[in-house]
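Trainee: Got a structure here, written out as structure tokens. Questions coming.
The values are calculated or read from the model by the stated rules, or taken from the named source; none is laboratory data. None of these values were measured; they are calculated from a predicted model. Positions of Cβ are generated from backbone atoms using ideal geometry, with glycine treated the same way; all protein chains shown enter the neighbour counts. Please note that ligands, DNA and RNA were not included when accessible areas were found on the heavy atoms of the full protein model with its side chains. Shrake-Rupley method; radii C 1.70, N 1.55, O 1.52, S 1.80 Å.
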Amino acid sequence: YGAMLNDLGQTFQEALAALDAMHARVALLYPALKPPVFRVTEVTPEGLRLHYYSHRPALGAMVHGLVEGLATRFGIEIDVVHAYAKGDDHDHDRFDIRILGPLSHVA
């Protein structure tokens, strides 16, 4: 996955926006794959909204971890709120992501 992650973009926001393209490349190897769909909306310097659509249930926690891992990869600290989950009232999960700044390391 390392090479694919390197191709996602130069910034955290670009990487999230390119997740669908990465899944399209994986689908070339696995034609039966039904990849999820990621949509990035309301992008500002302070944050964004990530919408996650999947036919597979209950993967919101995995997406939450993916988002945090990408932030670490790009050297930024974020706050992620799982605003709502796919269920009776929603056809997808939504994550509100606030960018807090560069990672701070405690020595």
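Trainee: In the range 50-69, how many are over 16 Å from residue 36 (Cα atoms) and either open to solvent by 70 Å² or more (accessible area, probe 1.4 Å) or touching a residue at least 60 places away in the same chain (Cβ under 8 Å) (or both)?
Mentor: 1
Trainee: Could you list, in sequence order, all residues of the range 72-107 that are basic (Lys, Arg) and under 18 Å from residue 38 (Cα atoms)?
Mentor: The answer is 86, 94, 98.
Trainee: Condition first: in a loop (DSSP other than H, G, I, E, B), among the polar types (S, T, N, Q) and surrounded by 13 or more Cβ atoms within 10 Å (Cβ to Cβ). Can you find one or more residues in the range 88-106 that meet it?
Mentor: No, every residue in the range 88-106 fails to be in a loop (DSSP other than H, G, I, E, B), among the polar types (S, T, N, Q) and surrounded by 13 or more Cβ atoms within 10 Å (Cβ to Cβ).
Trainee: Give 72, 41, 11 a once-over and let me know the one that is without any contact (Cβ under 8 Å) to a residue 12 or more places away in the chain, surrounded by fewer than 16 Cβ atoms within 10 Å (Cβ to Cβ) and of a type in the set (S, T, N, Q).
Mentor: 41
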